[in-house]
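Readers should treat all values here as calculations from the given coordinates under stated rules, not as data from a laboratory. If you're wondering where the values come from, they're calculated on a predicted model, not measured in any experiment. A quick note on method: Cβ atoms are made from the backbone with ideal geometry, for glycine too, and the neighbour counts reach across all protein chains shown.
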Amino acid sequence: MSQDFGKATYVAGRHRKNPVLIYTSRTDRSKVYEFMIAAKFKVAGLVSWKCVSCSRIKNGYRNLGAELKRKVPLILVDNDVIKEDPEKPLNAEHFCNGKEAVEAVLTRAKMEFVHRHGNDDISDRQIRETIQDFAREAVTTTPIPLNNKEKKHVQRTLDANCLPLLHGVKKRRRCKQMKGVIGSFKQEQHETGLVAVKKEVVEEIETPVKRARRQSRSQVISQHQSPVMVRPLPYYYRVASSSSSQNQLPQQQNHHEIPEEYYEEVVQDTEHHNARLQDFDHEELIPADQQNVAYDIELR
């Protein structure tokens, strides 16, 4: 007859998908071992379980870039009956120290509390009563055997830590929600940026209507920026200015000598000049910048 090590005791896992097997040591009652499913065989009811603490240690080495060349201990359970010694598995020895019974109870109780009351309102006045009721229930329904001193310690710890635990859960959920909102906002901003670029490309394509608007705007701007038309200098002013500028600009006269024929053509009678002013043609208007040039030429 094959030896067995008692009935398997299960509790809910962290994500409540797969159960966790808990075994209390027969040599040390204050120590427990936790196992999770490793493989299921074709034989009905036959399941292989691996040590949770040893798996966590090996994964920690792997995350640090190292490798722990030791096998994770495995046990067989046939129809909820443990067939191998969980403290001394056949395939490998434990390289963990197990877990304290009080610590295991607190960990599982906190998981259960978050699962049940994670969405409760923290500001509610009844939250204290809810925590106290849950602490008493966790102590009485735990599958791990505890003495009275350990039960009181677990109850006091849950009374003190459940409310801060609930605050932390709420904070983590808000942070996760904010990250999701920021991620969606960045995605929308990226999409709107692409739409804006496409819109600019479409606007760059000039249509006849856009061409007509652009030309009309350029005409209006050119009219506002066009030089002011002024009347040319009269002939007598040119003669007077040329005679008065002899004393003012002697150096320029040396460089630009004016012939006498110029003055003979310029001097005319007053009557002819007045008739010319009456028959003045607007086509003789010149821009202001050219007028400055004309002033400069007449002064030389």
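Residues whose amide H comes within less than 5 Å of that of Ala92, counting only those at least five positions distant or on another chain, are Leu74 (H built at 1.01 Å from N in the peptide plane). Run the reach check for Lys171 against lysines, Cα to Cα strictly under 20 Å, same-chain hits fewer than 8 apart removed. What comes back? Once the sequence-local lysines are set aside, what remains near Lys171 is Lys110, Lys179. Taking each of Lys40/Lys71; Lys31/Lys71; Lys17/Lys170; Lys69/Lys151; Lys58/Lys186 in turn, the alpha-carbon distance tops 28 angstrom for Lys69/Lys151; Lys58/Lys186. With kT/(6 pi eta Rh) evaluated at 20 °C and eta = 1.002 mPa s, and Rh the Kirkwood radius from Cα pairs, the range 1-150 diffuses with a coefficient of 125 µm²/s according to Stokes-Einstein.
For Thr9, the residues whose amide H sits under 5 Å from its own are Ile22, ignoring neighbours fewer than 5 places away on the same chain, with H placed 1.01 Å from N. You can think of it this way: the chain between Lys17 and Asp78 has 19.9 nm of extra reach, that is 0.36 nm per residue less the Cα-Cα gap.
When +1 charges are put on Lys and Arg Cβ atoms and -1 charges on Asp and Glu Cβ atoms, the dipole computed for the range 1-135 relative to its Cα centre reaches about 560 debye. Backbone amide hydrogens, once placed in the peptide plane, bring Lys31 within less than 5 Å of Ser25, Ala101, excluding anything fewer than 5 places away on its chain.
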